[in-house]
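Take a look at the structure below.
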Amino acid sequence: MSDPTEANGTAGAGEAAQPAQPAGDGAEERRVRVVLVDDHRMFRTGVQAEIGQTAETGVEVVGEAADVDQAVTVITATRPEVVLLDVHLPGGGGVEVLRRCAPLMSDAERPVRFLALSVSDAAEDVIGVIRGGARGYVTKTITGTDLVNSVFRVQEGDAVFSPRLAGFVLDAFASTDAPPVDEDLDRLTQREREVLRLIARGYAYKEIAKQLYISVKTVESHVSAVLRKLQLSNRHELTRWATARRLV
């Protein structure tokens, strides 16, 4: 169930880590207004606690959203410098947010810039949001300090990527050939693809649930759906299938 939009939300984490601080001289003078877009409330709260202490980090979280419609509404209303955008969202995903916010990105005087922040490190996810107009893509394993610095770099117009992800973009834009359509993979939802990759990498159900902020029962349901759609019998066959397509 989607969370309600929360502009100017404050974190309620009881034992938050020390807030991240941007590196470099004069960092305390830097300011950037940010909107958090992610369908998991706990994750948004954690990011807010980690980077949203404005006096220390220079980051002011001016709004939050949990799905595409909320995101477009909050971004349009607050006009942040940077949006931290999850790739997989109810209502069409991060790419749909980018499409609907295209006029804000192209505003010469007050551009809204997007930095994808996702658990997924799949090439198609990275390439999709970069083609949609995002200035960078980092995974949720990033540290608070690195995330703060990435936000400021994107604000300044730089492109930012987690290690190895930049290669996906370079390869995609260097190639003139459209990627082949995989009809089997297209049967899966974005969430099912995430679960598929983690299963193929050897993650246990509990580990997947923790990574994706979902319940173990939901993981089991996704695995059953993937096996049914791909006509596979068990996770070993699923791993071989994913490895053959270089999805792992």
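The values are calculated or read from the model by the stated rules, or taken from the named source; none is laboratory data. As the structure is a prediction and not an experimental result, all values here were calculated from the model. Here the Cβ positions follow ideal geometry from the backbone for every residue, glycine too, while neighbour counts run over all protein chains shown. The protein model used for the area step is the full one, side chains on, heavy atoms only, and it has no ligands, DNA or RNA in it. Shrake-Rupley method; radii C 1.70, N 1.55, O 1.52, S 1.80 Å.
Which lysines have a Cα less than 19 Å from the Cα of LYS229, not counting those fewer than 8 places away in the same chain?
Excluding near neighbours in sequence, the set is LYS217.
Carbon and sulfur together cover what percent of the accessible area of the range 177-248 at a 1.4 Å probe radius?
About 49 percent, which is the carbon plus sulfur part of the accessible surface.
Points 7 angstrom from Cα along the Cβ direction at SER221 and GLN190: gap in nanometres?
Spacing of the two 7 Å Cα→Cβ label points: 1.8 nm.
Which value in nm describes the separation of the simple spin-label points at ALA55 and ALA77, placed 7 Å from the Cα toward the beta carbon?
Computed distance between label sites ALA55 and ALA77 equals 2.8 nm.
May I have the convex hull volume per residue, in Å³, for the Cα set of the range 68-141?
78 Å³
Measuring from label point to label point, each 7 Å out along Cα→Cβ, what is the ARG246 to GLU109 span in nm?
Label at ARG246, label at GLU109, 4.7 nm between them.
Pop out the ³J(HN,Hα) list for the range 31-44 in order, Karplus 6.51 cos²θ - 1.76 cosθ + 1.60 with θ = phi - 60°, rounded to Hz; leave Gly and Pro as x.
Once rounded to whole Hz, the list reads 9, 8, 9, 10, 10, 9, 10, 7, 7, 10, 4, 4, 5, 4.
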